[in-house]
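The structure appears below as structure tokens.
The values are calculated or read from the model by the stated rules, or taken from the named source; none is laboratory data. Keep in mind that what you see is a predicted model, and the values were worked out from it rather than measured. Using ideal geometry, Cβ is built from the backbone for each residue, glycine included, and neighbour counts are taken over all protein chains shown. The protein model used for the area step is the full one, side chains on, heavy atoms only, and it has no ligands, DNA or RNA in it. Shrake-Rupley method; radii C 1.70, N 1.55, O 1.52, S 1.80 Å.
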Amino acid sequence: MSIFDAVDFADHEEICHFFDRSSGLRAIIAIHDTRLGPAVGGCRMWNYASEDEALTDALRLSRGMTYKAAMADLPLGGGKSVIRGDAATMKSPALFRAFGRAVETLKGRYYTGEDVGTTPADMALAGRETRFVLGRDEAGSSGDPSPFTADGVLMAIEAAVAHGLGASDLRGLRVAVQGLGNVGMALAERLFARGAELIVADLDERRVASATARLKAGSVTVGEIAGVECDVFAPCALGAVVDDGSLPRFRCAIIAGSANNQLHREEHGDRLHERGILFAPDFVANAGGLVNIAQEVLSPRYDRERTVAHLPVIRRRLRQIFERSAATGSPTHRIALAMAREIVEGQRAAA
Ligand code: NAI
């Protein structure tokens, strides 16, 4: 693939390929934009079918990080790294140390961290070679981002419910949670505590059983959850859940969840808007984990209270998006992208 002509090339500042002979590391680091600060974004390890696929992922995900950081009022840019390989069979200490050396060559223009296919322990290995690693499995690090992501998604749901349904709290509202992993389960617990009625689905039956027993949740199959009649559909499993197949099936007023890139294509957001379904753009709603890990970059010592104080930016930003969408008639995902670009270009102040 020619990089500058790639569909997903979006004025990325730097794209580096790394190969390490002894460990077999094949990695790409994409730095999208550092105008607001050093690029931050996790390291994904995935068995990509081709280099093009890996590059596309790095280009798309790094751009998404720029916008996510901007909308969360963080003085950070966007980057992402991808390692080609099977996370189940191809990991080794040497691989992650080689990856750490790759990150070190960028001299702090890019900070990495865990992502799909990598763990804090992997990042601790990388961290033996570079200090530009966040969320290591070590004392003093920011730890598991998922509870903060869940806090942020809860704020997003509350903002959407206030705007879309005119409700001041979640009592009695029906929320369908797709995926009960680290974020989805934490979100379900928070929703339950606020009096919402839950319908859940996960591939893992034990997680479903836990939610039905502890949180009085109803359950449906993974194939059914997107079509459940509810106030809020909260995708917390996979990306691209809003596509040609799911769109006609939605019977919800709001979509707000943690999954990255929920719209299969931009047009799917337009179709949600036409259907009158209020969409909380994912890169705004799911920024809580980034807000937390960012504290490792922004202050000499990680302090949980700084995260807690910063998180309501998610609620404020979503209110702005919903209001501007209502005023202009433009769909929320387009408003959010426009706002993110305004922030990066320095044309818009903090939320
Ligand atoms: P996880 O891997 O802990 O949980 C995902 C859950 O979804 C698992 O329990 C899995 O069994 C389930 N699942 C997979 N396919 C499913 C399907 N078709 N239907 C229903 N359930 C299915 O992941 P985590 O950390 O909870 O993240 C969830 C989503 O949120 C991911 O898309 C992730 O990229 C995104 N995200 C997570 C953040 C975090 O702080 N962990 C931050 C920002 C985004």
Note, segment 212-220: 3J(HN,Hα) by Karplus (6.51, -1.76, 1.60, θ = phi - 60°), whole Hz, Gly/Pro = x, goes 5, 6, 8, 10, 6, 7, x, 9, 9
With a bin width of 10 angstrom, please list the P(r) values of segment 146-284 as percents of all Cα-Cα pairs, from the 0 bin to the one holding the largest distance. 13, 50, 33, 4
Projected area averaged over all directions for the convex hull of the alpha carbon atoms of the chain, nm², comes out at 17.0
Counting only protein heavy atoms, what percent of the accessible surface of segment 146-284 is carbon or sulfur at a 1.4 Å probe? 50
How much solvent-accessible surface does SER168 expose, in Å² to the nearest 10, with a 1.4 Å probe and all protein chains in place? 120
Run the dipole for segment 232-308 about the Cα centre, Lys and Arg Cβ at +1, Asp and Glu Cβ at -1, nothing else charged, and hand back the magnitude in debye, nearest 20. 240
Cα-based Lys proximity count in the chain, under 28 Å, for pairs eight or more positions apart or on separate chains: 5
Using 5 Å bins from zero, what percent of all Cα-Cα pairs in segment 1-51 falls into each bin? 4, 15, 23, 25, 20, 9, 3, 0
Counting DSSP beta bridges in the chain, what percent are antiparallel, to the nearest 5? 30
Where Rh is the Kirkwood radius over the Cα pairs of segment 60-201, the temperature 4 °C and the viscosity 1.567 mPa s, what D in µm²/s does Stokes-Einstein return? 75
What whole-number distance in Å separates the alpha-carbon centres of segment 223-302 and segment 83-147? 26
Space enclosed by the convex hull of the alpha-carbon atoms of segment 231-309, per residue, Å³: 103
What is the calculated FRET efficiency for ALA94 to ASP244, with r their C-beta to C-beta distance and R₀ = 51 Å, to the nearest 0.05? 0.70
Phi to ³J(HN,Hα) by Karplus 6.51 cos²θ - 1.76 cosθ + 1.60 over segment 14-30, Hz, x for Gly, Pro: 7, 9, 10, 9, 10, 10, 10, 4, 6, 9, x, 4, 10, 9, 10, 10, 10
Mean accessible area per residue over the chain (1.4 angstrom probe, all protein chains present, square angstrom) is 42
Per residue of segment 124-129, in order, report the coupling 6.51 cos²θ - 1.76 cosθ + 1.60 (Karplus, θ = phi - 60°) as ³J(HN,Hα) in whole Hz, putting x for Gly and Pro. 5, 5, 4, x, 6, 10
